[in-house]
1. Those residues that are assigned to a helix (DSSP H, G or I), touching a strand residue (DSSP E or B) at 6+ places or on another chain (Cβ under 9 Å) and under 28 Å from residue 296 (Cβ atoms), I need them from region 207-233; list them, please.
2. Looking at 102, 112, 121, which one is crowded, with 22+ Cβ neighbours inside 10 Å, touching a strand residue (DSSP E or B) at 6+ places or on another chain (Cβ under 8 Å) and part of a helix (DSSP H, G or I)?
3. Could you go through region 52-61 and let me know if any residue there is modelled with pLDDT under 95, surrounded by fewer than 16 Cβ atoms within 10 Å (Cβ to Cβ) and assigned to a helix (DSSP H, G or I).
4. Take residue 78 and tell me if it is part of a loop (DSSP other than H, G, I, E, B), out of contact with any helix residue (DSSP H, G or I) (no Cβ under 9 Å at 6 or more places or on another chain), modelled with pLDDT under 95 and surrounded by fewer than 21 Cβ atoms within 10 Å (Cβ to Cβ).
5. Exactly one of (1) within 16 Å of residue 276 (Cα to Cα); (2) touching a helix residue (DSSP H, G or I) at 6+ places or on another chain (Cβ under 7 Å) is unmet by residue 188. Its number?
6. For region 66-75, does any single residue satisfy the condition of being out of contact with any helix residue (DSSP H, G or I) (no Cβ under 8 Å at 6 or more places or on another chain), surrounded by fewer than 24 Cβ atoms within 10 Å (Cβ to Cβ) and either within 24 Å of residue 133 (Cβ to Cβ) or not assigned by TED's automatic domain parsing to the domain that holds residue 97 (or both)?
7. With the checklist (1) crowded, with 21+ Cβ neighbours inside 10 Å; (2) part of a strand (DSSP E or B) in hand, flag the one item residue 261 doesn't pass.
């Protein structure tokens, strides 16, 4: 990609998503968001007026859907590259979107880890499709739909830039949950890490009782700042907006907690350990995409912070035949962190 500024038009009718997209793009100094619009007709008008280098485009837009908007943008701004970012996983929709000549398709719940790699690929005339869509067996675009033969290349799924510690455990019951978290907490504190514990009120109480039985003075650890308890309901209320997960607010909460915990950690590296059950609470509420997005965001956070992460689920959440695909996706997030299968 060129070193000069790359001008980006962001098109989505959901304000919180536009905020997340812009915040993510700002991580790359060369990416400049020049305009945000919320419907398809405005997208076409702005593309014609501004001739952006890249258009991030949703599909479910008012006034004019994203696929038709892309076709018109290709006509009035032929040099603008297009990257679809949508939660729609239908094979027909994905293929229709890519048939417009767009360079890629990112599933919104995968965007925390895939948006910037997708932008890089599309700007380099490579085709990017979210790893979670790999099973759709998408047709390759025709030469007429590609400006460059390299566009036929599908870039590799997002992989961790370094090996990180993002573990997952599946507990049979509450007793197993408490035992598992207690072992994780004790191991972290033994090597002078600080620990953040995100759990329900009842699990916090049981954990404190269990840790006290093992000789750990939790009150003293809380006082010195090396043990930070957070109620999971409070955590969820801080980043769930209109019943949807807001990635920007997740990162803000995580950043605040990690900075606070690092002050209580001892030793040269001041590493922090995080264990939580927010993913289990989201999954139990039927919010599968929010669950996967939260897992993906913790992967991303662990890339840039010295943290160990443990996410907890109850085995009962995966007992039905319908839940197998969800289990595979959960395991996929943890496998990406370690480069191996986790379950």
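1. Selection gives 207, 232.
2. Details: 102 fails: part of a helix (DSSP H, G or I); 112 fails: touching a strand residue (DSSP E or B) at 6+ places or on another chain (Cβ under 8 Å).
The match here is 121.
3. Checked region 52-61: no residue is modelled with pLDDT under 95, surrounded by fewer than 16 Cβ atoms within 10 Å (Cβ to Cβ) and assigned to a helix (DSSP H, G or I).
4. Values: part of a loop (DSSP other than H, G, I, E, B): yes; out of contact with any helix residue (DSSP H, G or I) (no Cβ under 9 Å at 6 or more places or on another chain): yes; modelled with pLDDT under 95: yes; surrounded by fewer than 21 Cβ atoms within 10 Å (Cβ to Cβ): yes.
Taking the combined requirement at face value, the residue satisfies it.
5. (2)
6. Step one: of region 66-75, the residues out of contact with any helix residue (DSSP H, G or I) (no Cβ under 8 Å at 6 or more places or on another chain) are 71, 74-75.
Keeping just the survivors that are surrounded by fewer than 24 Cβ atoms within 10 Å (Cβ to Cβ) gives 71, 74-75.
So of that shortlist, the ones also either within 24 Å of residue 133 (Cβ to Cβ) or not assigned by TED's automatic domain parsing to the domain that holds residue 97 (or both) come out as 71, 74.
So far as region 66-75 goes, yes, one or more of its residues are out of contact with any helix residue (DSSP H, G or I) (no Cβ under 8 Å at 6 or more places or on another chain), surrounded by fewer than 24 Cβ atoms within 10 Å (Cβ to Cβ) and either within 24 Å of residue 133 (Cβ to Cβ) or not assigned by TED's automatic domain parsing to the domain that holds residue 97 (or both).
7. (2)
Residue by residue, here is whether (1) part of a helix (DSSP H, G or I); (2) more than 19 Å from the chain's Cα centre (by Cα); (3) modelled with pLDDT under 90 holds:
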| position | (1), (2), (3) |
| --- | --- |
| 255 | yes, no, no |
| 269 | no, yes, yes |
| 273 | no, yes, no |
| 281 | yes, no, no |
| 286 | no, no, no |
| 294 | yes, no, no |
| 297 | yes, no, yes |
| 300 | yes, no, yes |
| 303 | yes, no, yes |
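The values are calculated or read from the model by the stated rules, or taken from the named source; none is laboratory data. Computed from a predicted model, the values in this text were never measured in an experiment. Positions of Cβ are generated from backbone atoms using ideal geometry, with glycine treated the same way; all protein chains shown enter the neighbour counts.
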